[in-house]
Amino acid sequence: MNITDLFALVERLAPPRMAASWDRCGVQVAGAHGKASRLAVALDPLPATLAQALDWGAQAVLTHHPLGKTPRLPDRRDAHREALKLLLGRDAWLYAAHTSLDCAPGGPAAWLADELGLSERAVVDPQGETRRVMAFYKEVAMDGFDAFQLPEGLDVDRLHFDRDALRHAPQAFSCPEPHWPALRAALQACPDVSSMAGAVSLVEPSEPYGYGIVGRLPSPMGWDDFLAELWRLLPRAFLSFAGEAAARVERVAYCTGSGASCGARAFALGADVFLTGDVPHHFALDLAPLGLTVDCGHHVLEQEMMRRFAGRLADETRGQELEVRFFESPDPLRAALRPS
């Protein structure tokens, strides 16, 4: 698969415009390969993980965490230098989808909310909104167009101006702005679609994006039952709590990675419990009076997110001569239990 097309797909699912201003999403190391037959996906660009991926034959590696938040020289014999050595020695690409993936609505960052079946969802900490584009086409030949298949993964609404059921009728199509280039290309290539009359950016509706999700469980659960469900979903030996558990859990907020800064907003939106990772001491003190915060672990939440992202990419590229493989990375934190 062409590298440009591969990264365009990644950026459709994790749009760079959604990334935080301080972040370093995108190409971390430029490779020499114009095409990739193997894509490795991982959470962290650790030397050991990169070595496994490159030995497997990956021409491109996609990680969640960047190689660094700021550019730096390989002026020390450390993991940063070793990662560069490995990638440059194989002329391989390294791309990072960090906060661009964290903020993407409906993406793999929402995996725990999906598993819990949360409905009536809202973004906990909005960072912006995605508008829709509506394009008007002068004539669409209905006989052929009815069998036309739009590219998979596009969110498209179609407005048909009937004109008394004439065979040729004007139509309008709308989609989120990031999907518009792919939709426009597909319509331009369709022989049953005439020239475009124009396209406009809609003020409404729009879709907010940002950090965290709050939503409602399919049905209320007692705390013990909810905790048992968390243990089933999270492959971790321990969880950390700040605050007191509610007897009944109905609204759940969740933010992958280090989401403690979203906690106050989550409880203000009515969450009975807030799930995240990396809760620092002073955040725990501030959040404890508001409700129960569960530190599920940064690594466990985002490793599963990247595993699912790899699966999504494999589905999206099926039939395009690209093999996608997920490589696990070790959790840097381990629990040592006090002897009884």
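The values are calculated or read from the model by the stated rules, or taken from the named source; none is laboratory data. Treat the numbers as computed from the prediction; the structure is a model and nothing was measured. As a convention, Cβ positions derive from the backbone with ideal geometry for all residues, glycine included, and neighbour counts pool all protein chains shown.
Taking into account only those residues within the stretch 196-210 that are closer than 14 Å to Ala172 by Cβ and small (Gly, Ala, Ser), which is nearest to the chain's Cα centre (by Cα)?
Let us first name the residues in the stretch 196-210 that are closer than 14 Å to Ala172 by Cβ, namely 196-202.
Now narrow it down to the ones that are small (Gly, Ala, Ser): 197-199, 201.
On the way: Ala197: 34, Gly198: 31, Ala199: 28, Ser201: 24 Å.
Among them, the one singled out is Ser201.
Specify which of the listed residues (Arg12, Arg72) is among the basic types (Lys, Arg) and surrounded by 14 or more Cβ atoms within 10 Å (Cβ to Cβ).
Values: Arg72 fails: surrounded by 14 or more Cβ atoms within 10 Å (Cβ to Cβ).
On inspection, the qualifying residue turns out to be Arg12.
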Considering the stretch 98-118 alone, what residues qualify as being within 13 Å of the chain's Cα centre (by Cα) and either of a type in the set (Phe, Trp, Tyr) or over 20 Å from Ser258 (Cα atoms) (or both)? Trp111
So, Ala58, is that one more than 30 Å from Leu227 (Cα to Cα), in contact with a Lys or Arg (Cβ under 6 Å, 6 or more places away or on another chain) and in contact (Cβ under 8 Å) with a residue 40 or more places away in the chain or not? yes
Can you find a residue in the stretch 199-208 that is closer than 21 Å to Ala260 by Cα and either surrounded by 12 or more Cβ atoms within 10 Å (Cβ to Cβ) or touching a helix residue (DSSP H, G or I) at 6+ places or on another chain (Cβ under 7 Å) (or both)? yes
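Considering only residues that are in a helix (DSSP H, G or I), in contact with a helix residue (DSSP H, G or I) (Cβ under 7 Å, 6 or more places away or on another chain) and closer than 14 Å to Val324 by Cβ, which ones fall in the stretch 1-50? Reasoning before the result, please.
Step one: of the stretch 1-50, the residues in a helix (DSSP H, G or I) are 3-13, 16-18, 47-50.
Remaining after also requiring in contact with a helix residue (DSSP H, G or I) (Cβ under 7 Å, 6 or more places away or on another chain): 9, 12-13, 16, 18, 47, 50.
Once the filter is applied, which keeps residues that are in a helix (DSSP H, G or I), in contact with a helix residue (DSSP H, G or I) (Cβ under 7 Å, 6 or more places away or on another chain) and closer than 14 Å to Val324 by Cβ, the stretch 1-50 yields Leu9, Leu13.
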For the stretch 272-293, does any single residue satisfy the condition of being in a helix (DSSP H, G or I), surrounded by fewer than 21 Cβ atoms within 10 Å (Cβ to Cβ), over 23 Å from the mean Cα position of the chain (by Cα) and among the small types (Gly, Ala, Ser)? yes
Those residues that are at pLDDT below 95 and within 13 Å of the chain's Cα centre (by Cα), I need them from the stretch 1-10; list them, please. Leu9
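Out of the strands (runs of 3 or more DSSP E) lying entirely within the stretch 98-181, which hold 3 or more residues that are at pLDDT 85 or above and in contact with a Gly (Cβ under 8 Å, 6 or more places away or on another chain)? Reasoning before the result, please.
Numbers: elements: 119-141, 157-160, 168-176.
Per the criteria, 119-141.
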Expected output for the stretch 73-93 (first residue closer than 26 Å to Gly34 by Cβ, partner surrounded by 13 or more Cβ atoms within 10 Å (Cβ to Cβ) and charged (D, E, K, R), Cβ below 6 Å, 6+ apart or cross-chain) is Pro74/Arg81
Which residues, taken from the stretch 59-100, are in contact with a Ser or Thr (Cβ under 9 Å, 6 or more places away or on another chain) and closer than 26 Å to Asp125 by Cα? Thr63, Tyr95, Ala96, Ala97, His98
Residue satisfying all of: in the stretch 75-97; under 17 Å from the mean Cα position of the chain (by Cα) and either among the β-branched types (Val, Ile, Thr) or in a strand (DSSP E or B) (or both); surrounded by the most Cβ atoms within 10 Å (Cβ to Cβ) among these: Ala96
Hey, Thr130 hits all of (1) in contact with a helix residue (DSSP H, G or I) (Cβ under 7 Å, 6 or more places away or on another chain); (2) crowded, with 22+ Cβ neighbours inside 10 Å but one; which does it fall short on? (2)
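Scanning for something more than 19 Å from Pro105 (Cα to Cα), modelled with pLDDT of 95 or more and surrounded by 14 or more Cβ atoms within 10 Å (Cβ to Cβ), does the stretch 253-260 turn up at least one residue?
Our first condition is that a residue be more than 19 Å from Pro105 (Cα to Cα); within the stretch 253-260, this holds for 260.
Remaining after also requiring modelled with pLDDT of 95 or more: 260.
Remaining after also requiring surrounded by 14 or more Cβ atoms within 10 Å (Cβ to Cβ): 260.
Within the stretch 253-260, one or more residues are more than 19 Å from Pro105 (Cα to Cα), modelled with pLDDT of 95 or more and surrounded by 14 or more Cβ atoms within 10 Å (Cβ to Cβ).
Which is over 28 Å from Leu322 (Cβ atoms) and not polar (S, T, N, Q), of Ala60, Ala122? Break it down into steps so the answer makes sense when it comes.
Numbers: Ala60 fails: over 28 Å from Leu322 (Cβ atoms).
Only one candidate qualifies: Ala122.
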Of the conditions (1) exposed (fewer than 15 other Cβ atoms within 10 Å of the Cβ); (2) modelled with pLDDT of 95 or more, Leu234 fails just one. Which one is it? (1)
